[in-house]
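K.L.:
Take a look at the following structure, please.
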Amino acid sequence: MNFELSEEQDMLRQMVRDFAEKEIAPHDKKMDEDNHIHEELLSAMATAGLWGIVGGEQYGGAGGDAISQVVCIEEVAKASGSMAITLDAHWLCVDGIMEFGNEEQKQQYLPKLLSGEHLGAFCWTEPEAGSDAAGIQTKAVKNGSGYVLNGTKAFVTNGGLAQIYLVGAMTDADKKQFSIFIVDKDSKGFSIGTKEDKMGLRGSHTTEVHLNDVHVSEQLILGDAGNGFKVAMGILNGGRISLGAISIGTAVAARDAALAYAKQRKAFGKPLTDQQAVQFMLANMQIEIEAARLLVYKAASLKTQGKPYHAEAAAAKIKASEVAMQVCKDAIQIHGGYGYTRDCPVERYFRNAKLNEIGEGASEVLRILVARNLLK
């Protein structure tokens, strides 16, 4: 299996790297301190075409495949985990409409989402339903030619920033059937709730979303009515590949910071890089990052080929997120006391990395998925 990037993908990586280093990275520390996104980056990323990397060319996107996605989002994550997770949440919405939407829905929503004029978000998790994805209580009651939605969504990335939301709701309680609805932020009864004060990724916006008698046309069901759980899991499978790539980007940023510090810091009369213990830590970082990246690329390759990839996506996310945590932990250790201060970037990377072991499927739940696939 060849994971050599094409010339076009390599050019994309360099373009995104240059943009992220110049336009995004300088704002990451301030966004973390302010618990707020640098909103000018949203339009800058639109100009650079990042919001539309994943979308079909006929709708204004770049037509990038899953490998192009991970190449792009890894580079963004190196510069800012906050902006990477913002991009990921937007892509969940875009991917959902691209894969499961009908032509009318694609024509209506994708052009503005792919241009960055509108951001997207995905709403499934609720205050009482996280890892238990089938436990959501938001209800959609049939009313004439549409539905009325009532409920509360939690931990919605891009909440308040996004214009278009994919919202999961129960449409038949007796049969435990769900549907996903395309909901516009301007819909009557739709409101943004509490903005979370998070440990990490503080430049991204994570909020509650409240649905109070929100009327949605039947034509805005994504996929078939009652098939929402399958649609949601399909969307999240792709998102897990992106979260794996975000983890790798975070780990690379921490490794690079640790390497640079170890080269210039002296202890016992010689650079830290002369200490075998530090060399081993740096070597392990490199080995684990490369191993995790190959898992992510494998899952992305399978998705690009249209082959089943759900177990591979889960495995990639588990491995990459745990590698990111370990690399960031070791990077702090190499920095010593300085690594424990807010002035040191590896402290921020460590806080950012933790989310990837939780979001879009906690590691414990995904291990069950991998095991079930193995036991078939």
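The values are calculated or read from the model by the stated rules, or taken from the named source; none is laboratory data. Small disclaimer: the values here were computed from a predicted structure and weren't measured. Every residue, glycine as well, gets a Cβ built from its backbone with ideal geometry; the counts of neighbours run over all protein chains shown. For the accessible areas, the whole protein counts, side chains as well, though only heavy atoms, and no ligand, DNA or RNA atoms are used. Shrake-Rupley method; radii C 1.70, N 1.55, O 1.52, S 1.80 Å.
K.L.:
Return one whole number: the accessible area per residue of the stretch 208-296 in Å², for a 1.4 Å probe.
P.N.:
Working: 3970 Å² over 89 residues.
Value returned for the stretch 208-296: 45 Å² of accessible area per residue.
K.L.:
How high is the relative contact order of the chain? Use alpha-carbon pairs under 8 Å, at least six apart in sequence, and give a whole percent.
P.N.:
Details: 726 pairs, mean separation 62.0, N = 376.
The value is 16 percent.
K.L.:
Kindly give the semi-axes, whole Å and largest first, of the ellipsoid equivalent to the stretch 223-286, taking each as the square root of 5 times a Cα gyration tensor eigenvalue. Write out the running numbers ahead of the final one.
P.N.:
On the way: eigenvalues 407, 16, 6 Å².
Gyration-tensor ellipsoid for the stretch 223-286: 45, 9, 6 Å.
K.L.:
Same structure, new question: Restricted to Cα positions, what overall size does the chain have along the principal axes? Three whole-Å values, descending.
P.N.:
Computed over the Cα atoms, the extents are 79, 45, 38 Å.
K.L.:
Quick one: which residues, 5+ away or cross-chain, put their amide H under 5 Å from the amide H of F190? H built at 1.01 Å from N.
P.N.:
Answer set, sorted by chain and number: N212.
K.L.:
Hey, what did the stretch 80-125 get for relative contact order, percent, Cα under 8 Å, at least 6 apart? Before the final figure, lay out each step's value.
P.N.:
Details: 26 pairs, mean separation 21.8, N = 46.
Value for the stretch 80-125: 47 percent.
K.L.:
Using Cα pairs closer than 8 Å and at least 6 residues apart in sequence, work out the relative contact order for the stretch 1-123, in percent.
P.N.:
Numbers: 136 pairs, mean separation 35.2, N = 123.
Relative contact order for the stretch 1-123 comes out at 29 percent.
K.L.:
For the stretch 139-181, which trypsin sites (Lys or Arg not before Pro) are in a loop by DSSP, counting at most 13 other Cβ atoms within 10 Å? Walk me through the numbers before you get to the answer.
P.N.:
Numbers: sites: K139, K142, K153, K175, K176; in loops: K175, K176.
Here the trypsin sites (Lys or Arg not before Pro) that fit, given the DSSP loop and packing criteria, are K175, K176.
K.L.:
Moving on. Residues with amide H under 5 Å of A62's amide H, sequence separation 5 or more or different chain, H placed in the peptide plane at 1.01 Å from N; which?
P.N.:
Excluding prolines and chain starts, which carry no amide H, the hits are I53, V54, G55.
K.L.:
Could you derive backbone 3J(HN,Hα) for the stretch 84-94 from the dihedral phi with the Karplus parameters 6.51, -1.76 and 1.60 (θ = phi - 60°), listing whole Hz in sequence and x where the residue is Gly or Pro?
P.N.:
5, 6, 5, 5, 4, 4, 4, 5, 4, 5, 4
K.L.:
If you don't mind, there's one more thing I want to ask. Which ³J(HN,Hα) values, rounded to whole Hz and listed in residue order, are derived for the stretch 113-121 from phi using the Karplus coefficients 6.51, -1.76 and 1.60 in 6.51 cos²θ - 1.76 cosθ + 1.60 with θ = phi - 60°, glycine and proline given as x?
P.N.:
Along the stretch 113-121, the couplings run 5, 6, 7, x, 4, 10, 9, x, 8 Hz.
K.L.:
Something else now. Out of the DSSP beta bridges found with both residues in the chain, what percent are antiparallel (nearest 5)? Could you put the intermediate results ahead of the total?
P.N.:
Values: 32 of 38 bridges.
Close to 85 percent.
K.L.:
Hey, another quick one. Provide the gained length on full extension for the span Y338 to H36, in nm with one decimal, where the gain is 0.36 nm per separating residue minus the Cα-Cα distance. Please report the intermediate quantities before stating the final value.
P.N.:
Details: separation 302, 0.36 × 302 = 108.72 nm, distance 2.51 nm.
Length gained, Y338 through H36: 106.2 nm.
K.L.:
Mind checking which of T194, T86, T125 has the largest fluctuation in a GNM of the chain, springs on alpha carbons under 10 Å?
P.N.:
Checking each option, the largest mean-square fluctuation is seen for T194.
K.L.:
In the stretch 116-233, what percent of the accessible surface is made up of carbon and sulfur (1.4 Å probe, ligands and nucleic acids excluded)? Walk me through the intermediate numbers first.
P.N.:
Details: 2310 of 4990 Å².
Ligands and nucleic acids excluded, carbon and sulfur reach 46 percent.
K.L.:
Counting only protein heavy atoms, what percent of the accessible surface of the stretch 234-376 is carbon or sulfur at a 1.4 Å probe? Present the calculation step by step, with values, prior to reporting the outcome.
P.N.:
Values: 3860 of 6640 Å².
Roughly 58 percent, rounded to a whole number.
K.L.:
Further, regarding this structure: Antiparallel as a % of all DSSP beta bridges within the stretch 101-239, to the nearest 5? Before the final figure, lay out each step's value.
P.N.:
Numbers: 30 of 36 bridges.
Antiparallel bridges make up about 85 percent of those DSSP assigns within the stretch 101-239.
K.L.:
Helix 345-354 against the longest principal axis of the chain: what's the angle in degrees, Cα atoms only, rounded to the nearest 10?
P.N.:
40
K.L.:
Another question about this same structure. In whole Hz, what ³J(HN,Hα) sequence does the stretch 262-274 give by Karplus (6.51, -1.76, 1.60; θ = phi - 60°), x for Gly and Pro?
P.N.:
5, 5, 9, 8, 10, 9, 6, x, 8, x, 4, 5, 7
K.L.:
Which FRET efficiency value, to the nearest 0.05, is calculated for K29 and K376 with the Förster distance at 41 angstrom and r the Cβ-Cβ distance? Walk me through the numbers before you get to the answer.
P.N.:
Values: r = 46 Å, r/R0 = 1.13.
For K29 and K376, the calculated efficiency is 0.30.
K.L.:
Something else about it: Counting only protein heavy atoms and using a 1.4 Å probe, what share of the accessible area of the stretch 1-107 belongs to carbon plus sulfur, as a whole percent?
P.N.:
Values: 2080 of 4600 Å².
It is 45 percent, rounded to a whole number.
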